Amino acid sequence: MNEQSQETAVGTDKTDSADPVYKELMRQGLWANNPGIVQLLGLCPLLAVTNTITNALGLGLATLFVVVASNSLISLIRHLVPQAIRIPIFVMIIASLVSCIQLLMNAFTYELYLSLGIFIPLIVTNCMIIGRAEAFASKNGIKHSAFDGLMMGVGFSIVLIILGASREILAQGTLFDGIETMLGDWARVLTITLYQADTSFLLAALPPGAFIIMGLIIAIKNAIDHRIKK
Amino acid sequence: MAYKNASSPHQKQRRTTSQVMVLVILCLIPGVFLQSYFFGYANLIQISLACLAAVASEAFILKLRNRPVLNTLKDASALLTAILIAISIPPLAPWWIVVIGTIFAIIFVKQVYGGLGQNIFNPAMAAYVLLLISFPVQMTSWLPVQSLQPFSLTLMDQINAIFTGATLDGYSVEQLSVSIDGLSMATPLNTVRDALHNGFTISEIFTSLQFKASSWQQIYWINGAFLAGGLILLFKRVVHWHIPVSFLLGIGIFSFIAFAYSPDLNAPPLFHLFSGATMLGAFFILSDPVSAATTVKGRILFALLIAFIVVIIRNVGGYPDAVAFAVLLGNMCVPLLDYYTQPKVYGGGK
C-alpha cells in the first residue's frame, strides 16, 4: 500500500501545476475540508486506534489506499450505476477493497493487523469514504476523483498521525513504538524514547484523552483560520 | 399576630461572587485544619501548590481569551476549586499530580466552556476523576495517622516527599504509607471493601486490626468538621438546604436499605455518612451553584440521585469512594432535571 500511494502521488505531481482544480482539491482535502478535523467523519477509528503513531500510520495508510482506489473505481463506473441503487454498489466496492487490504495486512504485517483488530474491517463504514464516493467520485472524472481521494486520505492520515503522536508522547513518552510490526525488524531504530515515564498518563491512552486532544487540534485549526482571516 | 411587611425584593443581603467564594473557603478551614492535624502539614503544601497553579492557568487562559484578568481572578472561584482538589488527593502525592489536576480543572473543565457560570461539570470533581483514572497508584497511597507513622515526618520531610518522592532520610512514599505494624495503609472505605472481598462480614471487619489501623476515627472527625463548616454555610444561607439535606438523607436511606437487606455485606448508614467525602461532598461540592440543578424539585432529585449512585458504587462498584463519579453523573442529568421540574408560572398553563 506504500507503493500504491507513492505512485499516485508521483502521477499527479506533474499535472498539479497545470490544472487549478488539483490545487483546489489539495487545499480542500488537506486543510479547508479535512475529513478528520473539519468534516469530523470517521471519528470512530480516529479516536479508537490512535494510541500510538504506528497504529495511526497503519490505519491511515489503509484508509488512504481504500479511498483512492474506491474513488477511482466508482468514478470509472459512474455512468453505468443506476441512480436508485448506487449506495449499495458503492458499499460493495468499498467492502471488497477493504477485504483486500485486510488480507494483505494479515499476510504481511500480522502484528499490526492484530493490534488494529476490528478497525480494519470497520474502514468499510468510514463515512469519509462513502462520502467522497457519493459527493465527488460519482460526479467527476477518474483523474480528479483519484486525486481527491488521495488528498482526503492524506488529510485524514495527517490528523491520525498528529493525534497518535501526541497521545503516544503523553502516555508512554515514546514515538514510533512498535513500528517494526509495520516496516520489519530494521525499523526498530526508528523508535524514539523522549522520556522515561515512571507513571504513564493513562488518560491520554484512553478514549477520553483522544476526545480531548482531538478537541484541542480542532481548536488550534480554527484559531489559525481565524488569524488568517484577520 | 405581627406580619412583617416588607416590599420586594426580599433578599436583604447582597453578596458578590467573591464574597460567597471566600465564605465557602473560610468554612472549609475546620476540616482542613483537622486534616493537617491528623495527617501532617502536607495538605497545606498541596493547597498552596494548587492555588498557584489555579491562578496561573486562569490568568493565562483569560489573557488568551482577551477577558479582564484581574477582575475575574478576584472572584476567588479558581482558588476554591484548587483547594477542593488539594484536599481530596493524598497528602504526599507528587507535586505534579495536584498541578495537572488543577490545570485540567481550570482550563478544560471551566474555561473551555466559557468560564465561571458556564461549566457543565464540577471542575474539582472532574479533575479528581481525571487524576484517579490516570494515576491510580499515586492517588491511592494514603498516609497513616501521624501517631501511627513509623517515622515522624518533619515539614521539610513532607516538602521533600512531595517534590522528589522521598523524605530527607530517603524513605519513599510507599514505605511511609505502611503503618507501624506493617499493615498497608488504606482509607476506612478501602479497608472495608477489601475485607468484604476476602469474605469477612461487616461485624468482623469493624473489630479487625486492619480497620482499627485505618484511621476511621480521624476520618469521622474530619467529616464532622466539614459538617460543622457546612452548617455555617447553611446558616449564612450561602447554600440552599435542599441539596445537602436531601443528599445526606439519601445516603442514610439508601445505605440503610442495603444494610437492612444484608447487614453482613453492607456497611451501616453511619459509616457511610461519616466516611470518604460524604460531608465534603454534601456541603461544598454538590452545592456548587453552577453545575447543580437550579429548581427546588430538581435540586432534591439531583442530590438523591447522587446519593443513590454513591451508595451503589461504594457497596457493589469497583471504587471505594464514589462522590466524584456520582457528582459527574449527576451533573450530566442536570439539564434534564431542570427541564422537567420547571415550576409552573402562577396563572399560566393548565
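Here are a few things to note about the model shown:
- Selection from the stretch A:103-135 of residues that are over 18 Å from A:Val91 (Cα atoms), surrounded by 14 or more Cβ atoms within 10 Å (Cβ to Cβ) and without any contact (Cβ under 8 Å) to a residue 24 or more places away in the chain: A:Tyr113
- Look at (1) among the β-branched types (Val, Ile, Thr); (2) within 14 Å of chain A (Cβ to nearest Cβ); (3) without any contact (Cβ under 8 Å) to a residue 12 or more places away in the chain and you find that B:Ile100 fails only one, number (3).
- Only one of the numbered conditions (1) farther than 29 Å from B:Ser18 by Cβ; (2) surrounded by fewer than 16 Cβ atoms within 10 Å (Cβ to Cβ) is not met by B:Thr294, and that is (1).
- Sub-8 Å Cβ pairs linking a first residue in the stretch B:53-69 that is closer than 17 Å to A:His226 by Cβ to a second residue that is of a type in the set (A, V, I, L, M) and in a helix (DSSP H, G or I), at least 6 apart or interchain, are B:Ile61/B:Ile106; B:Ile61/B:Ile107; B:Lys63/B:Val69, ordered by first then second residue.
- Residues of the stretch B:135-151 that turn out to be touching a residue at least 12 places away in the same chain (Cβ under 8 Å) and either hydrophobic (A, V, I, L, M, F, W, C) or within 14 Å of chain A (Cβ to nearest Cβ) (or both), as a count: 10
- Considering the stretch A:207-225, the residues that are among the β-branched types (Val, Ile, Thr) and more than 13 Å from chain B (Cβ to nearest Cβ) include one that is farthest from A:Arg167 (Cα to Cα), namely A:Ile224.
- Only one of the numbered conditions (1) in contact (Cβ under 8 Å) with a residue 60 or more places away in the chain; (2) more than 20 Å from B:Leu337 (Cα to Cα); (3) of a type in the set (A, V, I, L, M, F, W, C) is violated by B:Phe274, and that is (1).
- Positions within the stretch A:84-124 being more than 17 Å from A:Asn55 (Cα to Cα) and modelled with pLDDT under 90, in sequence order: A:Val124
- Matching helices (runs of 4 or more DSSP H) fully within the stretch A:1-63 where at least 3 residues are crowded, with 23+ Cβ neighbours inside 10 Å and modelled with pLDDT under 85: none
- Qualifying residue in the stretch A:142-153 (condition: closer than 22 Å to A:Gly209 by Cβ and aromatic (Phe, Trp, Tyr)): no
- Lone unmet requirement of (1) under 24 Å from the mean Cα position of the chain (by Cα); (2) farther than 30 Å from A:Thr109 by Cα; (3) away from chain B (no Cβ under 13 Å) for A:Ile228: (1)
- Among the residues of the stretch B:74-92, the ones that are touching a Lys or Arg at 6+ places or on another chain (Cβ under 9 Å) and of a type in the set (Gly, Ala, Ser) come to 2 in all.
- Checked against (1) without any contact (Cβ under 8 Å) to a residue 40 or more places away in the chain; (2) farther than 25 Å from B:Leu132 by Cα; (3) among the β-branched types (Val, Ile, Thr), B:Ile313 passes all but a single condition, namely (2).
- Scoring B:Ile312 on the criteria (1) in contact with a helix residue (DSSP H, G or I) (Cβ under 7 Å, 6 or more places away or on another chain); (2) at negative phi leaves a single failure, condition (1).
- Filter result for B:Trp95 (under 30 Å from B:Gln217 (Cβ atoms), within 14 Å of chain A (Cβ to nearest Cβ) and either touching a Lys or Arg at 6+ places or on another chain (Cβ under 8 Å) or in contact (Cβ under 8 Å) with a residue 12 or more places away in the chain (or both)): yes
- Residue satisfying all of: in the stretch A:162-201; surrounded by fewer than 16 Cβ atoms within 10 Å (Cβ to Cβ) and under 26 Å from B:Phe104 (Cα atoms); farthest from the other protein chains (Cβ to nearest Cβ) among these: A:Thr193
- Selection within the stretch B:152-175 - within 20 Å of B:Gln218 (Cβ to Cβ), touching a helix residue (DSSP H, G or I) at 6+ places or on another chain (Cβ under 7 Å) and either more than 14 Å from chain A (Cβ to nearest Cβ) or at pLDDT below 70 (or both): B:Gln158, B:Ala161
So that you can scan it fast, the table gives a plain yes or no per residue for (1) crowded, with 24+ Cβ neighbours inside 10 Å; (2) more than 14 Å from chain A (Cβ to nearest Cβ); (3) in contact (Cβ under 8 Å) with a residue 60 or more places away in the chain:
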| residue | (1), (2), (3) |
| --- | --- |
| B:Asp75 | no, yes, no |
| B:Ala105 | yes, no, no |
| B:Gln118 | no, yes, yes |
| B:Ala127 | yes, no, no |
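- Failed condition for A:Leu80, given (1) outside any helix (DSSP H, G or I); (2) under 12 Å from the mean Cα position of the chain (by Cα): (2)
The values are calculated or read from the model by the stated rules, or taken from the named source; none is laboratory data. Every value quoted in this text rests on a predicted model; they were computed, and no experiment measured them. Positions of Cβ are generated from backbone atoms using ideal geometry, with glycine treated the same way; all protein chains shown enter the neighbour counts.
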